[in-house]
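Accompanying notes for the structure given below.
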Number of protein chains: 2
Amino acid sequence: MGEFELIASYFTRPELLARYPQVQLGVGDDCALLRPPAGEVLAISTDTLVSGVHFFADVAPRTLGHKALAVNLSDLAAMGAAPLGFTLALTLPQVDEVWLAEFAAGLHALADAHACPLIGGDTTRGPLAIGITVLGSVPPHLALRRSGAQLGDDIYISGSAQDCLGQARAGLALRQGELALGQLDAQQALQRLECPSPRVALGQALRGLASSALDVSDGLLGDLQHILRASGAGAVLDAPALLAMAESRPVLPALPQAQRLDFVCHGGDDYELLFTAAPAQAAAVAQAALAAGCTATRIGRIALAAQGLQVLDALGQVLSLAGGSFVHF
Amino acid sequence: MGEFELIASYFTRPELLARYPQVQLGVGDDCALLRPPAGEVLAISTDTLVSGVHFFADVAPRTLGHKALAVNLSDLAAMGAAPLGFTLALTLPQVDEVWLAEFAAGLHALADAHACPLIGGDTTRGPLAIGITVLGSVPPHLALRRSGAQLGDDIYISGSAQDCLGQARAGLALRQGELALGQLDAQQALQRLECPSPRVALGQALRGLASSALDVSDGLLGDLQHILRASGAGAVLDAPALLAMAESRPVLPALPQAQRLDFVCHGGDDYELLFTAAPAQAAAVAQAALAAGCTATRIGRIALAAQGLQVLDALGQVLSLAGGSFVHF
């Protein structure tokens, strides 16, 4: 099977593309042509997953297809943008049709769920890697930047009745044989690691409400630092609120107490939205989360830059937490 | 040097981005924000270069930075689109600051020459690969698609006083030790292989003139088939016109006659524009090429689909040419 047959078999769906008004021209020409909504700006993000670095080589191809797009949709969500479409740069060591069919199924299922079709791409031979560039749009003054956090704003983290920060980290520990979990906890932890749900609806619901936002991919504390630096602010986090959240969901209650807070604060691959909003918006934030089918848990507040980033225990004492988040080099 | 320092040192240029009105937000948030010209559609293309597949591992990093963007700009050119910006997904085996500085210099120099700044990206560890997604814009009804070729249209290939099809293929043969060339020819052949000039100005000059277009990356005959299939047409190419073009430029006159036509017809990596236009547009096409600082050579005409793709010699006899172009699998 050659490159063009491969693209035609797994990555070209002309009947489906015709259903999307934003797609003027899809896979098969020198460029795709996309019609963004009038008056909106384009939001663009790129993320590459490399075998052995971002995923285990033996991961199920269907979940890999899902995750490769999910981490990119999560960036659109963090900007408050609505998805328009994406391109795929697929590097494969060889053509394995069973693998490709499963990968494409996982990819297209998530794409369809978010009305974000594959509009173009490139297939090449080499070590397995999946590069996706996703395009979305947002009214220019409603984009959720990292730089808008204000003194006194509440800090929130998204989740759901099942999902919270740290579960994906537990999934990684499980995959690495460093942790044992019961069957249901193990399922949930692996689901969170391999099949994250990007908070696309929440991101759009937070337009005009959140003062800043990002998605947590490298760990809560490390990623919060990006908001603090961009906004010239400090923050005080509430450890009991973080732990209460973790203890009301599956997986983390099965871990020793010390590891629990570590996974919540430093675990990566969560793809939850971390955002700030003025205290007056608290009811509106709760309503936005409800409408988006998820939760928003208040975990602290924005403080003076001079305070840096502090995590307080139940008695208001500053906890010492080894810093840092996942880094690639 | 960590991931964020690397991005800050080599791939973030806030003062420069501020000069581009289309860039509302550049490197450093979850997404870049781009303002496309009102009333135009977006043109999007993705191309990945993998070490050992698309380039020799020891290629000069400055020319690699140039080429990685050039092949993407060439896709915009083939659509008649004006560049707006690009994202970079860079996968590196390790951080080599000398290499990075050179790579970034080559990349940014071409970006600046085309007012197409780096607006976002992703840096990760793994086998060396460069993935670029380029964004441009074009008025919706002026995009140069592959599907518009009409019976009787002339077929053209771009070039310059120095440059023509087949020279890059000679550069590859030289690099592989299969060919010896004099110093000036060798310089030109390697320049064409490693430092192609995307025909961005020509692509825009052909808006409203060309009936179809693409850029030749995998070989003239193979790529022409894409236009023929998309347009439901056949073509008759004129071998003497192709050879006359090759013989008036450096490099190819040094090759044996048989190899010359083979390199012109099947050589890849040329990044010239192959396009069609009605015979009534001949003067306008020549004028557009002149204005864009290049040449457009008529090499044949569009025929009935039933005729397929024929190459005729000086006596009008059909030449037999082994088909196909560069394929990745």
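Just so you know, all these numbers are worked out from the coordinates, no wet-lab data involved. Predicted model only: the values in this text are computed from it and were never measured. Quick reminder, even Gly has a Cβ in these numbers, built from the backbone with ideal geometry, and neighbours come from all protein chains shown.
For B:ARG169, the shell of other residues with beta-carbons less than 10 Å away shows a net charge of -2, using +1 for Lys and Arg and -1 for Asp and Glu. Only helices enter the 222 nm calculation for the protein assembly as shown: every DSSP H run of n ≥ 4 contributes -39,500 (n - 2.57), and dividing by all residues gives -10500 deg cm²/dmol, rounded to 500.
Across peptide B:129-136, the average count of Cβ atoms from other chains found within 10 Å of a residue's Cβ is 6. Across the protein assembly as shown, Cα-Cα distances exceeding 32 Å account for 51% of all pairs.
As a rough guide to protection, the peptides B:108-114, A:220-226 ranked by mean Cβ packing within 10 Å, highest first, stand as A:220-226, B:108-114. Taking every C-alpha pair closer than 8 Å and separated by at least 6 residues, the mean separation divided by the residue count of segment B:3-142 gives a relative contact order of 36 percent.
Taking a ≥ b ≥ c as the square roots of the eigenvalues of the Cα gyration tensor, an a/c ratio of 1.5 or more together with a/b no larger than b/c marks chain B as oblate.
Would you mind counting up the charge near A:ALA60? Only other residues with Cβ under 11 Å from its Cβ, with Lys and Arg at +1 and Asp and Glu at -1. With Lys, Arg at +1 and Asp, Glu at -1, the neighbours total -1. Under the simplified labelling scheme, the A:HIS141-A:ALA278 pair shows an inter-label distance of 1.4 nm, with each label point 7 Å from Cα along Cα→Cβ. Mean-square fluctuations from a GNM of chain A, with a 10 angstrom spring cutoff on Cα atoms, peak among A:GLN22, A:GLN188, A:GLN94 at A:GLN94. With the simple spin-label model, which puts each label point 7 Å out from Cα in the Cβ direction, the A:ALA109 to A:LEU312 separation comes to 4.5 nm. Residue order for B:THR133, A:THR295, fewest other beta carbons within 10 angstrom first, comes to A:THR295, B:THR133. Peptide B:23-29 has a mean of 5 when you count, residue by residue, the C-beta atoms of other protein chains within 10 Å of its C-beta. For segment B:1-68, a/c is not less than 1.5, where a ≥ b ≥ c are the root eigenvalues of the C-alpha gyration tensor, and a/b does not top b/c. That puts it in the oblate class.
Between A:ALA244 and B:GLN150, the simple spin-label model (points 7 angstrom out along Cα→Cβ) gives 7.2 nm. Hey, for a label at A:THR12 modelled as a point 7 Å past Cα toward Cβ, could you say which residues of segment B:146-178 have their backbone N under 14 Å away? Taking a point 7 Å out along Cα→Cβ of A:THR12, the residues of segment B:146-178 whose backbone N falls under 14 Å are B:146-147. For chain B, modelled as a GNM whose springs connect Cα atoms under 10 angstrom apart, the maximal fluctuation among B:LEU274, B:LEU190, B:LEU128 occurs at B:LEU128. Neighbouring Cβ atoms from other chains, within 10 Å of the Cβ of residues in B:137-149, number 2 on average. The order of A:SER137, A:SER217, B:SER147, going from fewest to most other C-beta atoms within 10 Å of their C-beta, is B:SER147, A:SER217, A:SER137.
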